[in-house]
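**Student:** Have a look at the structure that comes next, please.
The values are calculated or read from the model by the stated rules, or taken from the named source; none is laboratory data. Worth saying up front: this structure is predicted, and the values here are computed from it rather than measured. FYI the Cβ positions are ideal-geometry reconstructions off the backbone, even for glycines, and counts take in every protein chain you see. With ligands, DNA and RNA removed, areas are computed over all heavy atoms of the protein, side chains included. Shrake-Rupley method; radii C 1.70, N 1.55, O 1.52, S 1.80 Å.
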Amino acid sequence: MTGETILRTKLKWLTGLRVVVVTVFLGLFLALNTGTSGHPASRLFAALIVGTYALTIVYALALKWLNSKWDSLVAVVQVTGDLSCITSVVVSTGGIESPFTFLYPIAIITGTMVLGRNGGVAATIVAATIYATVAWP
């Protein structure tokens, strides 16, 4: 397999895994928020889940329609999009005290797995900067 084929395979796995993770979050959200659908945080969380599904569809279409020379850019966009979604969830659920801060290392790991060491370092720097910004009083 060539490097381009390996990256494309990793991106397909990442896209599929994202669907699984977001579906689990959707199930938990629906199970835990019975009767609280009018709460602003509930609406925001639901919007984030729908937005993540929409982004995943866009990523899948990009993999289908773009040739493999764009795979590195698609990978960077996916990791950046993941960090943005994670930050939205963390900010909307309590900031530094959010129970979802554990998602940042997952984005760093996926950045490393898909983009290699440099991608992991870049994802770490971006995640740490975002987290520090969220934590800053």
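Rundown of residues vs (1) farther than 28 Å from K10 by Cα; (2) under 17 Å from the mean Cα position of the chain (by Cα); (3) in contact (Cβ under 8 Å) with a residue 60 or more places away in the chain, yes/no style:
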| residue | (1), (2), (3) |
| --- | --- |
| S42 | yes, no, no |
| I57 | no, yes, no |
| K64 | no, no, no |
| D82 | no, yes, yes |
| V90 | no, yes, no |
| T101 | no, yes, no |
| I106 | no, yes, no |
| N118 | no, no, no |
| I130 | no, yes, no |
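Listed here are the residues, each with its yes/no results for (1) open to solvent by 40 Å² or more (accessible area, probe 1.4 Å); (2) at pLDDT below 85.
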{"position": "G3", "(1), (2)": "yes, yes"}
{"position": "W13", "(1), (2)": "yes, no"}
{"position": "L32", "(1), (2)": "yes, yes"}
{"position": "G35", "(1), (2)": "yes, yes"}
{"position": "H39", "(1), (2)": "yes, yes"}
{"position": "F45", "(1), (2)": "no, yes"}
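**Student:** Would you point out the residue of the range 95-137, among those that are outside any helix (DSSP H, G or I) and surrounded by 14 or more Cβ atoms within 10 Å (Cβ to Cβ), that is modelled with the lowest pLDDT?
**Tutor:** Only one residue fits best here, namely F100.
**Student:** State the number of residues belonging to the range 65-92 that are open to solvent by 70 Å² or more (accessible area, probe 1.4 Å) and of a type in the set (S, T, N, Q).
**Tutor:** Summing the residues that are open to solvent by 70 Å² or more (accessible area, probe 1.4 Å) and of a type in the set (S, T, N, Q) in the range 65-92 gives 2.
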